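Peer 1: There's a structure below that I have some questions on.
The values are calculated or read from the model by the stated rules, or taken from the named source; none is laboratory data. The shown structure was predicted, so the numbers you read here are calculated from the model rather than taken from an experiment. Reconstructed Cβ throughout: ideal geometry from the backbone, glycine too, with neighbour counts over all protein chains shown. Just the protein is used for accessible areas: all its heavy atoms, side chains included, with ligands, DNA and RNA removed. Shrake-Rupley method; radii C 1.70, N 1.55, O 1.52, S 1.80 Å.
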Amino acid sequence: GSGILAVAAERRGAAVVVALDTDPMAAWEARFTARAQQPPCRPLIVAGGVECLDDENFDIVLCNMISAEFAPILGEIRRVLSSDGIVVFSGILECELRTVRAMLVEHGLEPLSNRTLRGWTSLCARRGGRRS
């Protein structure tokens, strides 16, 4: 939506930052947010989904979506993770944690840790072994 994760990743030292949003207006807002920073940030912001990424591999993927939105693209998220890559999911309802963990395992992602605040959970996972 706002591009704040792209800004944070760049400010924390990520060498390459690619931000995706399927909503063109959200991508525009993310570009505005990045360029409004002092000094301006320059992430690559794409109006499109993870399928836009060909053979790229990323060490870290930040996914701020509710589980109903990221569930259909878990295979694509795993595909773009480097062999030892980490993905951080945020926007998970606390009551969905068990279900989300099972979905991740089913898609070859190994849940690591989670944090919950006021009913919302973030969950870290890494690319697991070969998906069966």
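Peer 1: Can you list residues whose amide H is under 5 Å from L93's amide H, if they're 5+ apart or on another chain and H is modeled 1.01 Å from N?
Peer 2: Those qualifying (amide H under 5 Å, at least 5 residues apart or on another chain) are S67, T121.
Peer 1: So what are the ³J(HN,Hα) numbers for region 36-41, from phi and the Karplus equation (6.51, -1.76, 1.60; θ = phi - 60°), rounded to whole Hz, Gly and Pro as x?
Peer 2: 7, 6, 10, x, x, 8
Peer 1: Using a simple spin-label model with points 7 Å from Cα along the Cα→Cβ vector, what separation in nm is obtained for L44 and A71?
Peer 2: With each label point 7 Å from Cα toward Cβ, the separation is 3.1 nm.
Peer 1: How would L20, L123 line up by accessible area, probe 1.4 Å, largest first?
Peer 2: Values: L20 65, L123 0 Å².
So, going from the largest accessible area down, we get L20, L123.
Peer 1: To the nearest 20 debye, what charge dipole does the chain have about its Cα centre, counting +1 at the Cβ of each Lys and Arg and -1 at the Cβ of each Asp and Glu?
Peer 2: For this selection, approximately 420 debye.
Peer 1: Taking amide H positions as placed in the peptide plane 1.01 Å from N, state which residues far from I60 in sequence (5 or more) or on other chains have amide H under 5 Å from it.
Peer 2: I86
Peer 1: Counting other C-beta atoms within 10 Å, and keeping those with at most 13, which DSSP coil GluC sites (Glu not before Pro) do you find in region 33-89? The partial results should precede the final answer.
Peer 2: Details: sites: E51, E56, E69, E76; in loops: E56.
Those satisfying the criteria are E56.
Peer 1: Separate question: With the cut-off at 17 Å, report for region 68-132 the share of all Cα pairs above it, as a whole percent. Walk me through the numbers before you get to the answer.
Peer 2: Details: 689 of 2080 pairs.
Summing the P(r) tail past 17 Å for region 68-132 gives 33 percent.
Peer 1: Within region 3-27, what residues put their amide N at less than 18 Å from the label point 7 Å along the Cα-to-Cβ vector of C52?
Peer 2: Residues 3-10, 16-27 qualify, since their backbone N sits under 18 Å from the label point.
Peer 1: Here is a follow-up. Per the Kirkwood formula on distinct C-alpha pairs, the Rh of the chain is how many angstrom?
Peer 2: With all distinct Cα pairs of the chain included, I get 15.2 Å.
Peer 1: When the accessible area of the chain is split by element with a 1.4 Å probe, what percent falls to carbon and sulfur? If you can, show how the numbers build up before the last one.
Peer 2: Values: 4410 of 8180 Å².
Whole-percent figure for carbon plus sulfur exposure: 54.
Peer 1: With a 1.4 Å probe and all protein chains kept in place, how much accessible area does R31 have, in Å² rounded to the nearest 10?
Peer 2: R31 has an accessible surface of roughly 80 Å² with all protein chains in place.
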